[in-house]
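Derivation of every value follows stated rules applied to the coordinates shown; laboratory data play no part. Bear in mind the structure is a predicted one, so any value in this text is a computation, not a measurement. Quick reminder, even Gly has a Cβ in these numbers, built from the backbone with ideal geometry, and neighbours come from all protein chains shown.
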Amino acid sequence: MITTKHAGANYPSLMDRAVLVTGGGSGIGASIVARLSACGAKVGFVDIDENAGCGLVKALSQQGVRHTPVFGRCDITDIDAFKSAIADIVDETGPFTGLVNNAANDTRHEISEVTPESWRKALSVNLDHQFFAAQAVAQGMKTAGGGSIVNMGSMSWRVGIDRLSAYVSAKSAIEGLTNGLARELGPSRIRVNCITPGFVKTERQVQLWLTPELEAQVFESQCLPDFIEAEDVANLAAFLLADDSRMCTSGVFPVNGGWI
Ligand SMILES: NC(=O)c1ccc[n+]([C@@H]2O[C@H](COP(=O)([O-])OP(=O)(O)OC[C@H]3O[C@@H](n4cnc5c(N)ncnc54)[C@H](O)[C@@H]3O)[C@@H](O)[C@H]2O)c1
């Protein structure tokens, strides 16, 4: 269920700001859409899951947010379709000065099963779109005098999660991408940061991957004795999008409960 239960700080600079969130239909992305909407932002989001996207729009509209989010169904691995969905949303929200590159797919695979096609597909859903979304919004941000891009990484590649070699390759590359974009876009006051979540208790994680063994590993590894919720990640994303973080760029910010 989507709530803004952890919504604490309100960021006045987010009021009426147009922000694009990819994979915003469920999980962490949906919490980010809800959190930004609660701050009065004009949120546009894309997702491949039409039901989830429409359901979120309905729920937030019923909550009476200042701007009902604009949803576009698209597959972000089809870059032309993705760019066209972004352009359609911009017609309604105005140019984006915030972007959250959140969509991903953490489907497990054995090394022996990977083919050149499945490898490319995994990088396509976990990496490529982050670059092309930044490319698509950069000019609008430059014209507006600046912007903030948040790339969703993961701690998974640092701690060694099995059966995820393509996903973790993409997630480590996202930290490099963050630095590359931050360097090139910085002179235009476009900031680029990366959030690296630990194990976040989203619906998909609970349904597919959360076993008693994994739960035990989480609490042995984390300093803090609570599960990370999607809202905890959304709170950091809101801060990084707001002007409160105006001198933060090329940063990697963990939300992992102190996984050591
Ligand atoms: N949940 C965690 O424990 C965790 C940990 C570390 C990093 N992350 C990162 O956080 C981000 C969000 O993760 P999540 O757990 O909320 O994931 P999720 O799978 O719950 O949600 C991902 C969303 O992206 C959408 N999506 C997937 N493929 C798409 C495509 N081809 N086109 C358009 N939309 C597509 C899905 O429909 C879904 O709504 C991801 O970048 C993930 O790698 C999550």
Problem - For Glu203, Glu117, order by how many other beta-carbon atoms lie within 10 Å, fewest first - result: Glu117, Glu203
Problem - Exposure proxy order (Cβ contacts within 10 Å, fewest to most) of Met247, Met155 - result: Met247, Met155
Practice task
Work from the charge dipole of the chain (Cβ charges, +1 for Lys and Arg, -1 for Asp and Glu, about the Cα centre) and give the residue of Asn105, Leu210, Ser118 farthest towards its positive end.
Solution key: Asn105
Practice task
Please name which of Gly23, Pro197, Gln135 has its Cα lying farthest along the dipole of the chain towards the positive end, using unit charges on Cβ (Lys, Arg +1; Asp, Glu -1) and the Cα centre as origin.
Solution key: Gln135
Practice task
Mind computing the radius of gyration and Dmax over the alpha-carbon atoms of the chain? Å is fine for both.
Solution key: 17.3, 51
Handout entry: Approximate spin-label separation Ser221-Glu117, in nm, with each point projected 7 Å along Cα-to-Cβ
Key = 3.3
Problem - Cα-based reach from Lys42 at 20 Å (exclusive), listing aspartates and glutamates while leaving out same-chain residues under 8 positions away - result: Asp16, Glu50, Asp88, Asp91, Glu92, Glu231, Asp243, Asp244
Exercise for the section: Just check segment 181-260 against the gyration tensor rule for me: Cα atoms, a ≥ b ≥ c as the square roots of the eigenvalues, rounded for a/c under 1.5, and otherwise prolate or oblate depending on whether a/b exceeds b/c. Expected result: prolate
Practice task
Can you bin segment 169-221 into rounded, prolate or oblate? Criterion: square roots of the alpha carbon gyration tensor eigenvalues sorted a ≥ b ≥ c, rounded for a/c under 1.5, prolate for a/b above b/c, oblate for the rest.
Solution key: prolate
Handout entry: segment 126-260, dipole about Cα centre (Lys/Arg Cβ +1, Asp/Glu Cβ -1), debye to the nearest 20
Key = 640
Practice task
Please arrange Asp232, Asp75, Asp91, Asp47 by counting, for each residue, the other beta carbons lying within 10 Å of its beta carbon, fewest first.
Solution key: Asp91, Asp75, Asp232, Asp47
